[in-house]
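Single-structure report; data block below.
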Amino acid sequence: MSDYSIWVLEYSFVPNYHISALIYGAHNQGYRKLPYCYVLIKGKGHIAMVDVGYNATEYGDVLAGRFGVTNWHSPEHVLQKCDVKPEDVDSIFVTHGHFDHFGNVDAFPNAKVYIQEREISKWVWAMSLPERMQWMMGAVDPGDILRGVKLAQEGRLVCVDGDLQDVLPGIDLHLAYDTHTAGSMYVTVRNDGEKVSQDAWVLAGDLIYVYENLGQNSNPNDNINTYCPIGFAQGSQTNLVLTTEEIMKSVNYEWRRVIPVHEERIKDEFPSIIGDDGLRVSEICIGKDQVSRVG
Ligand SMILES: [Zn+2]
């Protein structure tokens, strides 16, 4: 039996998003739905999240409008589907600083927030650049970075420098520098608690957007499942391919164990329900003594 339950919780979505941003070189392939989600991890006396979504006020809302995001619902509303309140969350692992992942830390008053030191410091650097270079600030709300600094002042921010094993028992953080962003990270849940786990899940942040990035469904004639990196890299696609290999190796090349939160087809791979609010809950796995939320 697994140590942790893992759910992917949709909190809003973009009805039509450019596929070229999701898959490198996929020009002229049109648009697809892009769900916006965070991950809830529950077990071993902890309630943790991977990313927190954005706050639909001020500049977060401006950015959401720019990306065409719709149907935003609050963490109170979304987490209640798993019988969790935002104040119950004790640990948050922020994969990167983009507004739809890092923009709502204020909603979680009791959580310790983990982010790569390089991610925070490079956003401060990018903010300091002249306006003509502000492409680098795409998808970032400077207010979120300031909120990160405030968390540090309150003693609730942990700046991680590289990889960190057992941040919670069986949960590891991994730096993927200069990939999607300067200090992106992914989260591994070793759900049997073993060092070399046969039951590992990778919460991939935006290092993987969709299954094509893992070499799945990309080309019917492609027998070797060639990785195709995401289109939107502030670092390099080379580093993304190297990170994809590292991720896939860590799950014995079982691509289904890599969870891309912007992938709509998660609902076809895992038990899922869509509520009256039009938002999906996908159940990746259930920990011991815990109940299904999609039954
Ligand atoms: Zn991102």
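None of the figures in this text is laboratory data; all of them are computed from the coordinates on show. This one's a predicted model, so the numbers in the text were calculated from it and none came from an experiment. Cβ sites come from the backbone with ideal geometry, for glycine too, and all protein chains shown count toward neighbours.
Peptides 49-55, 190-196, 233-239 ranked from most to least packed, by the mean per-residue count of other Cβ atoms within 10 Å: 49-55, 233-239, 190-196. Would you mind getting me the FRET efficiency between residue 268 and residue 117? Use the beta-carbon distance for r and R0 = 35 Å, nearest 0.05. My answer for the efficiency is 0.40. Packing around the peptides 27-37, 206-216, taken as the average count of other Cβ atoms within 10 Å per residue, puts them in this order, highest first: 206-216, 27-37. Across region 195-256, the convex hull enclosing all Cα atoms gives 92 Å³ per residue. Could you work out the helix-only [θ] at 222 nm for the chain, with each DSSP H run of four or more residues adding -39,500 (n - 2.57) and the total divided by the number of residues, to the nearest 500 deg cm²/dmol? Rounded to the nearest 500, the figure is -6000 deg cm²/dmol. Highest GNM mean-square fluctuation among 47, 19, 274, for the chain modelled with Cα contacts below 10 Å: 274.
Protection proxy ranking for 278-285, 154-161, using the average of other Cβ atoms within 10 Å per residue and placing the highest first: 278-285, 154-161.
Working from label points 7 Å from Cα in the Cα-to-Cβ sense, the residue 87 to residue 291 distance is 2.3 nm.
Note on region 184-295: the C-alpha convex hull projects to 8.6 nm² when averaged across all orientations.
Note on region 1-79: semi-axes of the ellipsoid equivalent to its C-alpha gyration tensor, largest first and rounded to whole Å, are 28, 18, 9.
Averaging the sequence gap over all C-alpha pairs within less than 8 Å and six or more residues apart, then dividing by the number of residues, gives region 164-295 a relative contact order of 19 percent.
Would you mind computing Rg(Cα) / (2.2 N^0.38 Å) for the chain, counting N as its residues? List each step's numbers first, then the result.
Working: Rg = 17.7 Å, N = 295, 2.2 N^0.38 = 19.1 Å.
My calculation over the Cα atoms of the chain gives 0.93.
Listed by chain and number, the lysines whose C-alpha is less than 21 Å from the C-alpha of residue 267, apart from same-chain residues fewer than 8 away, are 33, 42, 81.
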